[in-house]
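Take a look at the structure set out below.
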Amino acid sequence: MSNAGCENKRVIGLVSGNNTGKTSIAECFLFNAKVTDRLGKIETKNTVSDFSPLETKRGFSINSSILNYQWKDHQVNLVDCPGYMDFIGQTISAIKIIDGALLVIDPKSGMQAVTEKIIGMIEESKRPLFCIMNKMDQENVDYQGAVNNLKDKFGLNLVPITLPIGEGENFSGVIDVLQNVSYTYKDNSGKGTKSSLDDAAKSKVEDISGSMVESIIETDDELLDKYLNGEEIDVKSINNVLKKAVLSGKVVPVFATSSAKNIGIDILMDYINDLLPSPLEIMPLKAKDINSEDAVDVEPQAEGAPLAFVFKNMADPYIGKLSVFRIFSGTFNVGGTYFISGSKNTHKFSNLLKLQGKNQSDLSSATCGDIVAVSKITDIYSDDTLSSSEKPLVLDKPQYPDPIYPRAVMPVSKGDEEKIASGLARLIEEDPTIRSESNLEVHQNILWGMGELHLAIIKEKLKEKFDIDIETSTPEVAYKETIKKEAKSEYKYKKQSGGRGQYGHVFIEIKPLPHGEGFKFEDTIFGGSIPKNYIPGVEKGVREALSAGIMGGFPVVDVHVNLYDGSFHTVDSSEMAFKIAASMAFKKGMGEALPVMLEPIMEIEVVVPDEYMGDIIGDINAKRGKIINIGTDDRTKNQIIKASVPQSEIFNYAVDLKSITQGRGIYSQKFSHYDEMPQNIADAVIEERKKKEENA
Ligand SMILES: Nc1nc2c(ncn2[C@@H]2O[C@H](COP(=O)(O)OP(=O)(O)OP(=O)(O)O)[C@@H](O)[C@H]2O)c(=O)[nH]1
Ligand SMILES: [Mg+2]
């Protein structure tokens, strides 16, 4: 297959925080391109993009969806990403495979933390960016103000290509500043009527278009020289330079739209065709040859070796597992055999499916710039690279944030444990920001997600897809106990009434060890006061006592036990008798060694706009946290607060942070160390533990 046709393909993604109108814009694209004959609306639940029952029930996107349309002579593949921070994993996967990002902003609502994060990811991935100021039909929208805000905050060279005509209810069209024409819209048909500019519009445009042309010309030295020498610059040269500038990220074109009224979207579709790269124009891909480990630059070519990236897996109720991949180079054919980077297996692909929301259609082959799925290949996972077995390659995997919101999971019906484990395994395949672990310390299964909403959705998905009911609760904290001073202890275990008796007698010395050193056992018996064969019994006895400390029955850590003396009986002594004696001696000794309770401390990093600093620090203090340091993000000027906080206080931090900052804060956490608990809090934990044991 030649490259013919590839230059007219586009692979784009709609990204940003929630509720900005991404799905509504996608529906306008499909409607304008005549894929649908009725404009899909969130409220009427007839969208192609948000198609899962959970999405239509909730009224927002949960999964990224794959759509495509033909606009003029271009074939556009589109990923509509969900906006809530809880689903950020899907945007991260999508950014890996798109050639241009459409960042959708609601100019009336402030910049969401998630949008800031997405802008950072797009800049890092060097994808060309369009900015869409949507919902321009709302009252009191300040288009230029919103553009300036974004410019100031991120230093992006935002260049408005279209300007709004009319405000609020009266938003009726857009001026195309590049072409000096206006488009007005009468109904939701999406077709703008083109007219030349009237005098009022002309004067409005003159100022802006001058500075716009300058911002474009500045990106090209040759053109800039001509301009500075007073030479006439034709529109064609500006357009050529503009495309180059967009591809290199030097210019971010801005568009005014209303997806509710389908205004300005057809012009946006034209510019997607004109200014975003074809799959042949993207930067060479950095791959690694799996056999030689050599770095390889791949220039996309339909006739080249096959190379594709799997960015999504879905459990389809009818067809089973669907693995969705973007082809970067080469051609994939039904019946062809391909190499999978993760499992290192090769598989024959028995189908290739083109996706349009929930609908699939069969293809016989697919090439550069296509997004397709293959069904039922169990060992294809997300972030795998597909290539040929003659030239097996692997592309870098994106980095996902660690999930931050843990919940203990219990089955509603006893015996469902296995069903839950396999259901969760399927959901984890679909979503890299879910983690499940079995915590042996607290004997609970812990499910980690990105926030309350994420966990609620996982619960609903388990019900909807696999008919599994689960209950979730705050996880137990893995408290521990230790000692703070040295103590000596002696215990004689002796039962000698009729028949063979029991005799074990030990002297031990216990000492605190530095945090994290666990347990050390030493035997300094001299002169055989306890025979060697009983010493393992002593160590076992101490270990048993360590498994449940004397304060609240929590494991004891960071102690050194030295067995230094004892006595034995030639007939009655046994390993068992020494085990019991050692266990009792340890418990007795621990009571004298200033025992304390320990709790896990997490290190958190919180990123918030400056205005929330006071509230965040106050909240961290109220949670018994300690600020480690405070810094500023150079680019966004957000504050970065590092603190250590007891784990028991921050199981719900994802929720608390959201309410303190109206969703504008983000955070990550990692385990730091164990620390001594304040007495009053330790007492309350011990009391609760006692009650629980009594009830059990
Ligand atoms: N006024 C106004 N409302 C809009 C416009 N576009 C969408 N909406 C409404 O805004 C809400 C969110 O629209 P969506 O298209 O679901 O937004 P989204 O960005 O896909 O949201 P997430 O999927 O959660 O990220 C819906 O109630 C839409 O009807 C618009 O142009 N103007
Ligand atoms: Mg959406």
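The values are calculated or read from the model by the stated rules, or taken from the named source; none is laboratory data. The shown structure was predicted, so the numbers you read here are calculated from the model rather than taken from an experiment. Positions of Cβ are backbone-derived with ideal geometry, glycine not excepted, and every protein chain shown enters the neighbour counts. In case anyone asks, the SASA skips ligands and DNA or RNA and just uses the protein heavy atoms, side chains included. Shrake-Rupley method; radii C 1.70, N 1.55, O 1.52, S 1.80 Å.
Odds and ends about this structure:
- Note on region 63-82: among residues that are part of a loop (DSSP other than H, G, I, E, B) and away from ligand 1 (no atom under 11 Å from the Cβ), the one that is least open to solvent (accessible area, probe 1.4 Å) is 73.
- Between 370, 362, the distinction of being open to solvent by less than 60 Å² (accessible area, probe 1.4 Å) and assigned by TED's automatic domain parsing to the domain that holds residue 311 belongs to 370 only.
Residue by residue, here is whether (1) modelled with pLDDT of 90 or more; (2) open to solvent by 30 Å² or more (accessible area, probe 1.4 Å) holds:
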position: 386; (1), (2): yes, no
position: 390; (1), (2): yes, yes
position: 396; (1), (2): yes, yes
position: 407; (1), (2): yes, no
position: 411; (1), (2): yes, yes
position: 414; (1), (2): no, yes
position: 437; (1), (2): yes, yes
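- When residues of region 105-133 are limited to those that are among the β-branched types (Val, Ile, Thr) and outside any helix (DSSP H, G or I), the one nearest to residue 271 (Cα to Cα): 132
- Which listed residue, of 262, 240, 291, is in the same structural domain as residue 175 (by TED's automatic domain parsing) and not aliphatic (A, V, I, L, M): 262
So that you can scan it fast, the table gives a plain yes or no per residue for (1) in a helix (DSSP H, G or I); (2) in contact with a Gly (Cβ under 9 Å, 6 or more places away or on another chain); (3) under 26 Å from residue 327 (Cα atoms); (4) in the same structural domain as residue 313 (by TED's automatic domain parsing):
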{"position": "12", "(1), (2), (3), (4)": "no, yes, yes, no"}
{"position": "20", "(1), (2), (3), (4)": "no, yes, no, no"}
{"position": "46", "(1), (2), (3), (4)": "no, yes, no, no"}
{"position": "56", "(1), (2), (3), (4)": "yes, no, no, no"}
{"position": "61", "(1), (2), (3), (4)": "no, yes, yes, no"}
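- Answer from 504, 516, 528 - the residue that is closer than 18 Å to residue 583 by Cβ, out of contact with any Gly (no Cβ under 7 Å at 6 or more places or on another chain), of a type outside the set (D, E, K, R) and open to solvent by less than 80 Å² (accessible area, probe 1.4 Å): 504
- Yes/no for residue 5 being over 28 Å from residue 433 (Cβ atoms), small (Gly, Ala, Ser) and more than 15 Å from ligand 2 (Cβ to nearest atom): yes
- Restricting region 83-95 to residues that are within 12 Å of ligand 2 (Cβ to nearest atom) and among the hydroxyl-bearing types (Ser, Thr, Tyr) leaves a set whose member that is least open to solvent (accessible area, probe 1.4 Å) is 91.
- Where residue 462 falls short, out of the listed (1) touching a residue at least 12 places away in the same chain (Cβ under 8 Å); (2) outside the structural domain of residue 581 (by TED's automatic domain parsing); (3) open to solvent by 50 Å² or more (accessible area, probe 1.4 Å): (3)
- Selection count, region 22-44, where residues are within 14 Å of ligand 2 (Cβ to nearest atom) and either farther than 30 Å from residue 116 by Cβ or not in a loop (DSSP other than H, G, I, E, B) (or both): 9
- One residue alone among 544, 539 is in contact (Cβ under 8 Å) with a residue 40 or more places away in the chain, in the same structural domain as residue 492 (by TED's automatic domain parsing) and closer than 15 Å to residue 584 by Cα, and that residue is 539.
- Yes/no for residue 132 being touching a residue at least 24 places away in the same chain (Cβ under 8 Å), open to solvent by less than 10 Å² (accessible area, probe 1.4 Å), within 11 Å of ligand 1 (Cβ to nearest atom) and not polar (S, T, N, Q): yes
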